[in-house]
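Only one structure is covered here, and it is reproduced in the block below.
The values are calculated or read from the model by the stated rules, or taken from the named source; none is laboratory data. As the structure is a computational prediction, the values presented were derived from the model and not from experiment. Counting neighbours? That spans all protein chains shown, and the Cβs are built from the backbone with ideal geometry, glycine included.
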Amino acid sequence: MLTSQNVLTFQEEVLTKISAPDWTWEEACEMGLAARNLRDLTNWMIGAIAVGIENKWGEDQLGEFAKVLGFDKKTIWQYRWVVKRFGSDYQPAENLPWSYYRLAAGTENPQETMVHFIDNNLTYREADQFVKGLPIARECEHDFGETVAFLRCIKCKVLKLKEQERSIEN
């Protein structure tokens with residue numbers, strides 16, 4: 001089981017490494033990704049605990065659980081909702097932020113949506129466009145409509161400054 005000691009050991013390793021004069025860019029990125037993965041994993045764990053609390057003591061206890069953790073009740077409800085949408089036995093992929101899972105949880109088949117995100121290497125913006133039923137900007141043949149200061153693609157909603165359009169035309 002993950003303990004506070006494990007987290008503190010990781011923190012000590014990071015602090016030791018960043019104070020050394022010879023640490024590399026690759027090490028910095030590796031430590032950053034590990035920290036982000038740890039943060040994202042805690043969302044899954046808190047969501048799973050919230051599902052367990054709801055099952056054992058009822059939904060009313062989630063507010064008390066949120067207070068104990070120092071979270072807003074809505075945050076706990078969101079974590080619980082995502083875990084429920086994916087199923088308690090779902091194992092999230094490493095190196096994909098929680099925000100992708102939160103986005104996919106709102107679809108008809110969250111697990112299938114995540115496979116699509118991963119297989120197509122979608123950025124968060126592209127994943128958001130996919131979920132909204134919009135074409136992916138990098139694959140769109142833009143059809144720009146005018147707004148006050150921008151041109152906006154009617155299909156994928158990507159924006160371009162009007163000044164850029166004038167400079168392209170000139």
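Observations, loosely collected:
- Conditions (1) outside any helix (DSSP H, G or I); (2) of a type in the set (D, E, K, R); (3) at pLDDT 95 or above: number failed by R102: (1)
- Cross-chain or 6+ apart pairs with Cβ under 7 Å, the stretch 86-115 first and more than 19 Å from R39 (Cα to Cα) and not assigned by TED's automatic domain parsing to the domain that holds G32, then among the hydroxyl-bearing types (S, T, Y) and assigned to a loop (DSSP other than H, G, I, E, B): Q111/Y90; T113/T107
- Every residue from the stretch 126-154 that is exposed (fewer than 14 other Cβ atoms within 10 Å of the Cβ) and assigned to a helix (DSSP H, G or I): R138, E139
- Residue within the stretch 79-94 that is modelled with pLDDT under 95 and over 21 Å from I49 (Cα atoms) present: no
- Scoring W57 on the criteria (1) more than 12 Å from the chain's Cα centre (by Cα); (2) free of Cβ contacts under 8 Å to residues at least 12 places away in the same chain; (3) outside the structural domain of M45 (by TED's automatic domain parsing) leaves a single failure, condition (3).
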